[in-house]
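To start, the structure itself, in structure tokens.
Derivation of every value follows stated rules applied to the coordinates shown; laboratory data play no part. Bear in mind that the values here come from a model prediction, so they are computed numbers and not experimental data. Positions of Cβ are generated from backbone atoms using ideal geometry, with glycine treated the same way; all protein chains shown enter the neighbour counts.
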Amino acid sequence: MAEIHLKNLAHSYSANPAGVDDYAIREMNHVWEQGGAYALLGPSGCGKSTLLNIISGLLSPSEGQVLFDSKVVNDLTPEKRNIAQVFQFPVVYDTMTVFDNLAFPLRNQGMAEAKIALKVQEIAEVLDLQPLLKKKASNLTADEKQKVSMGRGLVRDDVSAILFDEPLTVIDPHLKWKLRRKLKQIHEQFNITMVYVTHDQLEASTFADKIAVMYGGAIVQFGTPRELFERPKHTFVGYFIGSPGMNLIEVQPHAGGVGFGDVYVPLSEALQQKIASTPWKTLKIGIRPEFVHVWDGRYDDALCAEVVYVEDLGTYKIITLRLADQTLKVRLQEDKPVPQGQAWISFPSQWLMVYADDYLLEVSP
């Protein structure tokens, strides 16, 4: 196990990068603590796999350093870094049995066969592979092959970390939850540093203790699933996390708050001062659909919005509203009455975020 420190790390595929847009990974300083379960979450093309390949040693960074337990490993091969990497598509030896696939990395280390048998049995039990140990890997299903691929990383005692690059892509949807749960159990049992790359927020939230959200080659927020949901520090995090994502509306400052169209939204004195003292090009307010308050009827301090559409999703409903030419989504629990024609809504101050140039404006409580 190792603490992984990315120090002033950046990477460009261009020989002569002229600006930040030429970087696949923008300069970052980041630490994965020893024994932690982390997810690297973001859309395709944001730099997740590039960053993972830099950590593993498959790719050399243009700038900065990768440190394992304070030791610079930039010039070390993946083998010498003792990294196990599980790829998007299973990597197994089809002509070998499942037992031999799991034993392969241990035999390469010269481990005694008796000890190999014990280690293979231990990992096979964890991954429910015992009935398959004598089968040729070529006869396995995609999810069984992926479990074997994971097992090859877990079977070694000397791994610094295990890196998972979207490992459940080829797995049938009804089996994904089983493997996610299994990975979580494995982490708790072996306390190995794990970094899990995915574009799926559910996978990230169910596996990781902390999630690094990537956007445009940068980690824009690092925190627990709850922190990312309740207090996104970047508009992309608000948009990407949650279903539906955060409502985001461009606004202009007004006396006592902000506004858009003919709608006025009051803000605290501290937030007003923060806006006034912060240079910005665009100003937005954000609130999650779950946190928009829907009143049962007309209310003097509430905003009147037009009901455009109602989606019934069983245990809750998603209401699409129009407010001063802006579209909002509201999540309504099944026991709440559905407004007809128009809805009276308000934005509770504790859940209303203000973003300057897409970054959260934070004030002291």
When Val66, Val86 are arranged by how many other beta-carbons sit within 10 Å of their Cβ, fewest first, they go Val66, Val86
Taking 313-319, 142-148 and ranking on average Cβ neighbours within 10 Å, highest first, one gets 142-148, 313-319
Rounded to the angstrom and largest first, Cα extents along the principal axes for the stretch 245-360 equal 45, 28, 24
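Which percent, nearest 5, of DSSP beta bridges in the chain are antiparallel?
75
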With +1 on the Cβ of every Lys and Arg and -1 on the Cβ of every Asp and Glu, and nothing else charged, how large is the dipole of the stretch 117-191 about its Cα centre, in debye rounded to the nearest 20?
220
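Given R₀ = 30 Å, what would the calculated FRET efficiency be for Ala112 paired with Ser44, taking r from the Cβ atoms and rounding to 0.05?
Step by step, r from the Cβ atoms, then E = 0.10.
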Rounded to the nearest 20 debye, dipole of the chain from Cβ charges on Lys, Arg, Asp, Glu
880
Between Gln130, Gln221, Gln350, where does the largest GNM mean-square fluctuation fall for the chain, given springs only between Cα atoms within less than 10 Å?
Gln350
Which of the helices in the chain meet the span-like rule: DSSP H, Cα axial reach of 15 Å or more, Kyte-Doolittle mean at least 1.6?
none
Taking every other residue with Cβ under 11 Å from the Cβ of Gly216 and scoring Lys and Arg +1, Asp and Glu -1, one gets -1
Which chymotrypsin sites (Phe, Trp or Tyr not before Pro) from the stretch 1-38 combine a DSSP loop assignment with at most 15 other Cβ atoms within 10 Å?
Tyr13
Quote the charge dipole size of the stretch 245-360 about the Cα centre in Debye, to the nearest 20; the model charges only the Cβ of Lys and Arg (+1) and of Asp and Glu (-1).
200
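Using 0.36 nm per residue, how much length does the chain from Met96 to Glu27 gain when fully extended, once their Cα-Cα distance is taken away?
20.6 nm
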Ranked output for segments 163-172, 274-283 by mean other Cβ atoms within 10 Å, highest leading, reads 163-172, 274-283
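Could you put Phe240, Phe190 in order, starting from the residue whose Cβ has the fewest other Cβ atoms within 10 Å?
Fewest to most other Cβ atoms nearby, the residues stand as Phe190, Phe240.
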Can you find, among Leu228, Ser160, Val92, the residue farthest towards the positive end of the dipole of the stretch 4-239? Put +1 on the C-beta of Lys and Arg, -1 on that of Asp and Glu.
Val92
Assertion target for Ser12, Ser243, ordered by fewest C-beta neighbours within 10 angstrom first, is Ser243, Ser12
Karplus couplings for the stretch 205-211 from phi (6.51 cos²θ - 1.76 cosθ + 1.60, θ = phi - 60°), rounded to Hz, Gly and Pro as x?
5, 7, 9, 9, 6, 9, 10
Of Asn74, Leu352, Gln189, which is farthest on the positive side of the dipole of the chain, counting Cα position, with +1 on Lys and Arg Cβ, -1 on Asp and Glu Cβ, and the Cα centre as origin?
Gln189
Return the label of the correct value of Cα extents along the principal axes in Å, as calculated from the structure shown, out of (1) 78, 49, 34; (2) 117, 41, 32; (3) 67, 43, 43.
(1)
For the stretch 300-365, place one equal point scatterer on every Cα, skip the solvent, and apply the Debye formula. What is log10 of I(q)/I(0) at q = 0.19 Å⁻¹?
-0.85
Most positive-pole-ward Cα, Tyr13, Ile123, Tyr316, against dipole of the chain from beta carbon charges
Ile123
